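Reading through the structure tokens given below for one structure.
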Amino acid sequence: MYKYDEIDQTLVDERVAQYRDQTKRYLAGELSDEEFRPLRLQNGLYIQRHAPMLRIAVPYGMLSSKQLHKLADIASQYDKAYGHFSTRQNMQLNWPLLEDVPDILAELAKVEMHAIQTSGNCIRNITTDQFAGVAPDEVVDPRAMAEVMRQWSTFHPEFALLPRKFKIAVSGTKQDRAIVQAHDIGMEFYLDAQQQLAIKVWVGGGLGRTPILGTVIREHLEWQHALTYCEAIVRVYNLHGRRDNAYKARIKILVKALGLDEFKRQVEEEWAHLKDAPNTITERELARVAQHFEPMPYEALAQHDASYDAAIASNPAFAAWAKRSLHAHKMPGYRAVTLSLKTHGQAPGDATSEQMHTVADLAAQYSFGELRVSHEQNLILADVKLSDAFALWEKARAQGLASPNIGLLTDIICCPGGDFCSLANAKSIPIAQAIQMQFDNLDYLHDIGELELNISGCMNACGHHHIGHIGILGIDKDGSEWYQVTLGGSQGNQASIGTVIGPSFSAEEMPQVVEKLISVYLTERNGEERFIDTVRRLGIAPFKAHVYADKNAAKAEGIA
Amino acid sequence: MSHLITLQADVAKITEDAWQFVALPPSQQEVRKQAGKVVLFKLTGEQTVTPEQIAGTLIPANGKVLVPLTVFIARKTQLQARLDQKEVGVWLDTHESLTDLNQAQADLNALPIIAVHVERFADGRIFSLGSLLRSRYGFKNELRAVGDVLRDQLFFLKRSGFNSFAMRTDRSAAEAIASLNDFSRPYQGAVDEARPAFRRYNR
Ligand code: HEM
Ligand code: SF4
């Protein structure tokens, strides 16, 4: 993974000093709350329900063992010994003290980490596929370009105070796993007819209050121009994006208001001036960064491993886990392994310091000392030998990191919601936990098969509920907590926004509602059909009918 | 004491202000509200200055004057002689357009100073306006940030081409100078240094 040189290190060190001074001035009353706000936000510090929340950047989801050990130590020393991995591949601490943040940043800088631009109205952490570099369907490893873009966006002077946050995702696979269509800018890398690295550029996607999938603004962009083209897009947005209304301030609203053609015309006009400017990426720079993402020193292994096959045959619990948690790898005899942060009954995406230390050790022992955070809020060891899988499983299981539920209904994506977040309409974690307990029977869970369930505690959609096969959104009705359900959302190449099935439910009803949706699917599915495909084939009507049947019956009785 | 920081050959100093800032008279228009809240930021291209305000703007008879863009456009003939003496500069708001400025004044370098007024520090349009003035319009003279100009934006303003900063007067300008150099080796090319780190250094 990328290693800092002196330039990178100086920058994060200077950031620590700058932020220490800003905090000092704030505490001394020399900065007002309003003035300090964007400064702390651009350093990932929110003021939340109980305490500030600090979001630490994990660029494109990559972590080293050393870094994860450090995160675990920081969580122990400055927080309640746990952290939350987010859908944007970052890590959040829920209880740090504002006064301690400069020291936390200094600790992070020691392991080449920071919290720069993890919040606020600026270009945020760039996200990508958690299987980057090892996925068999990968055409281009997107990480070198992601790192080049990370550096470009870090303290970009022109884009320091945008109308609203700005999120970029990059992807280099046939099957998109980075949700490029749900980002302000999505960059899809591919090899063009000349076998040159090229980019398909998406713009104007975003969830939140007004969920919109992005559109393609340019089918073919030579990689050298990635930065200047982004500059043209962000400049048009910076100048013309709405600042008078925070809910209309994302780039998606500007693109809709102008229409893609006019927006594109303005961008291309800007770009005509910016093209070939010094920010044009050089071969040499891409090569310099790419050498940090060279393939690992893999051993030459056979496709199969006898000890692994034997363990699968003799140990059903291991086999169930392996079925869900092992993912195909470019190299024979290797697998990417997902460690589940979705143990039933635990807050999705949370990991204790002890668990973090364990994962860091496992990564060191079995996966070249590196790991990734997925936007599904799990941790991935990308390069595990089949022959090590069993030992890894035993150790992970002892720490509650081996729930065999990856990609299944209980692998819930969930925002912190009302337990932590001051913007929440409703709690989300207890809903996730109740659903997990409802579907605690493993055979049943595996029978239901692949399913994505996403929960957000409010319209801001931090839990990506719009693109969940089943999406749950917390809403506020007369001061009490209710939940609206959507069906048919999806990430990936066929990304889609879910449809609301009808009136909302109370928290107590939610596990049963999900149970009913599942029962319709189980009766209606054709063979191996996945939940989402059944929803697409049948539409929401039969689901809706079943879920509201009792309610309607009750109503009818009431009238009679 | 002056609150003006100027950069000359990369050295920052507190200097006396030679320019008289000409403000528009208050408008009679009502404050625009949305959901009960005052609208904080005006939209780019929005017409916010009335003909009465333009006509009613008092321009001091002598000395160097920094006049609002709308006044400059409407009353340019009146100002022409002083413009030729290099005694007229123009300031614009972040929602005003550089095209309008350029149409009124084809050779921007005839202006000894252009200022961008930022009503609220969080309005990042000022950075794009500075960048465009320098890189697109080739403006070479003094480029000043005025209004809600605070220390923590100085580094970005400098990198966006500003070389003079009228700091908010309730804060120390002398202390703010330090923030012009918050970062010594920025990554990306910008106005002050066009080459990104990967072209400047042998990384
Ligand atoms: C607890 C503190 C948090 C606060 C106050 C917060 C606030 C917000 C707000 C206001 C938005 C909407 C912005 C907009 O639509 O323009 C948003 C979007 C988002 N948040 Fe959070 N968030 C928090 C935690 C999280 C966490 C823990 C995650 C990851 C699990 C997350 C992931 C996201 C994502 C992915 C979006 C983007 C949705 C989109 O594309 O518009 N946030 N957040
Ligand atoms: S979706 Fe709403 S409740 Fe959940 S973290 Fe985001 S802002 Fe908070």
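Taking only region A:475-498 into account, find how many residues are within 21 Å of A:Ile179 (Cβ to Cβ) and within 12 Å of ligand 2 (Cβ to nearest atom).
0
Being within 7 Å of chain A (Cβ to nearest Cβ) and either among the basic types (Lys, Arg) or in contact (Cβ under 8 Å) with a residue 40 or more places away in the chain (or both) narrows it down to one of B:Arg136, B:Arg120, so name that one.
B:Arg136
Output the number of residues of region A:260-309 satisfying the condition of being in a helix (DSSP H, G or I) and of a type in the set (A, V, I, L, M, F, W, C). Quick ask: steps written out before the conclusion?
Of the residues in region A:260-309, the ones in a helix (DSSP H, G or I) are A:260-274, A:283-293, A:306-309.
Applying the additional criterion that residues be of a type in the set (A, V, I, L, M, F, W, C) yields A:260, A:263, A:267, A:271-272, A:274, A:286-287, A:289-290, A:293, A:306.
Within region A:260-309, residues that are in a helix (DSSP H, G or I) and of a type in the set (A, V, I, L, M, F, W, C) number 12.
I'm trying to understand the selection: among the residues of region A:432-455, which are farther than 17 Å from A:Arg530 by Cα and either touching a strand residue (DSSP E or B) at 6+ places or on another chain (Cβ under 6 Å) or within 12 Å of ligand 1 (Cβ to nearest atom) (or both)?
A:Ala432, A:Ile455
Would you point out which residue out of A:Gln266, A:Gln224 is of a type in the set (S, T, N, Q), under 27 Å from the mean Cα position of the chain (by Cα), away from ligand 2 (no atom under 16 Å from the Cβ) and more than 10 Å from chain B (Cβ to nearest Cβ)?
Details: A:Gln266 fails: under 27 Å from the mean Cα position of the chain (by Cα).
Result: A:Gln224 is the single residue among A:Gln266, A:Gln224 that is of a type in the set (S, T, N, Q), under 27 Å from the mean Cα position of the chain (by Cα), away from ligand 2 (no atom under 16 Å from the Cβ) and more than 10 Å from chain B (Cβ to nearest Cβ).
Quick one: A:Asn90 ticks every box in (1) crowded, with 20+ Cβ neighbours inside 10 Å; (2) more than 20 Å from A:Thr343 (Cα to Cα) except a single one, so which number is it?
Failing condition for A:Asn90: (2).
Step by step: first the residues of region A:409-426, then only those that are away from ligand 1 (no atom under 11 Å from the Cβ) and farther than 23 Å from A:Asp447 by Cβ, then the one that is nearest to the other protein chains (Cβ to nearest Cβ). Which residue is that?
Selected residue: A:Asn425.
Tell me, yes or no, whether region A:95-112 has at least one residue that is touching a strand residue (DSSP E or B) at 6+ places or on another chain (Cβ under 6 Å), of a type in the set (A, V, I, L, M) and either in a loop (DSSP other than H, G, I, E, B) or away from ligand 1 (no atom under 16 Å from the Cβ) (or both).
Looking for residues that are touching a strand residue (DSSP E or B) at 6+ places or on another chain (Cβ under 6 Å), of a type in the set (A, V, I, L, M) and either in a loop (DSSP other than H, G, I, E, B) or away from ligand 1 (no atom under 16 Å from the Cβ) (or both), one finds none in region A:95-112, hence no.
Report the residue count in region A:316-364 for those that are surrounded by fewer than 19 Cβ atoms within 10 Å (Cβ to Cβ), in a loop (DSSP other than H, G, I, E, B) and basic (Lys, Arg).
Final tally of qualifying residues: 1.
Inside region A:409-430, can you point out the residues that are part of a loop (DSSP other than H, G, I, E, B) and either within 16 Å of ligand 2 (Cβ to nearest atom) or surrounded by fewer than 23 Cβ atoms within 10 Å (Cβ to Cβ) (or both)?
Residues satisfying the conditions are A:Ile412, A:Cys415, A:Pro416, A:Phe420, A:Cys421, A:Ser422, A:Leu423, A:Ala424, A:Asn425, A:Ala426, A:Lys427, A:Ser428.
Condition check: touching a Lys or Arg at 6+ places or on another chain (Cβ under 8 Å), at pLDDT 95 or above and at the interface with chain A (Cβ under 8 Å from one of its Cβ atoms). Does B:Asp148 satisfy that?
In short, no.
What are the residues in region A:1-31 that are facing another protein chain (nearest Cβ under 10 Å), farther than 20 Å from A:Asn125 by Cβ and among the polar types (S, T, N, Q), if any?
Listed by number, the residues that qualify are A:Thr10, A:Gln22.
Within region A:473-486, can one find any residue that is within 23 Å of A:Asn405 (Cα to Cα), of a type outside the set (Ser, Thr, Tyr), more than 14 Å from every other protein chain (Cβ to nearest Cβ) and within 16 Å of ligand 1 (Cβ to nearest atom)?
Step one: of region A:473-486, the residues within 23 Å of A:Asn405 (Cα to Cα) are A:473, A:485-486.
Pick out the ones that are also of a type outside the set (Ser, Thr, Tyr) and you get A:473, A:485.
Within this subset, residues satisfying the condition of being more than 14 Å from every other protein chain (Cβ to nearest Cβ) are A:473, A:485.
Narrowing the set further to residues that are within 16 Å of ligand 1 (Cβ to nearest atom) leaves A:473.
For region A:473-486, residues within 23 Å of A:Asn405 (Cα to Cα), of a type outside the set (Ser, Thr, Tyr), more than 14 Å from every other protein chain (Cβ to nearest Cβ) and within 16 Å of ligand 1 (Cβ to nearest atom): present.
With (1) within 12 Å of chain A (Cβ to nearest Cβ); (2) surrounded by 20 or more Cβ atoms within 10 Å (Cβ to Cβ); (3) more than 11 Å from the chain's Cα centre (by Cα) as the list, and B:Ile126 as the residue in question, which single condition is left unmet?
(3)
Restricting the first residue to region A:70-97 and requiring it to be free of Cβ contacts under 8 Å to residues at least 24 places away in the same chain, which pairs with a second residue that is within 15 Å of ligand 1 (Cβ to nearest atom) meet a Cβ separation below 7 Å and a spacing of at least six or different chains?
Short answer, once both residue conditions are applied: A:Asp79/A:Leu93; A:Asp79/A:Asn94; A:Asp79/A:Trp95; A:Asp79/A:Pro96; A:Lys80/A:Trp95.
The values are calculated or read from the model by the stated rules, or taken from the named source; none is laboratory data. In this text, all values refer to a predicted model and were calculated from it rather than measured experimentally. A quick note on method: Cβ atoms are made from the backbone with ideal geometry, for glycine too, and the neighbour counts reach across all protein chains shown.
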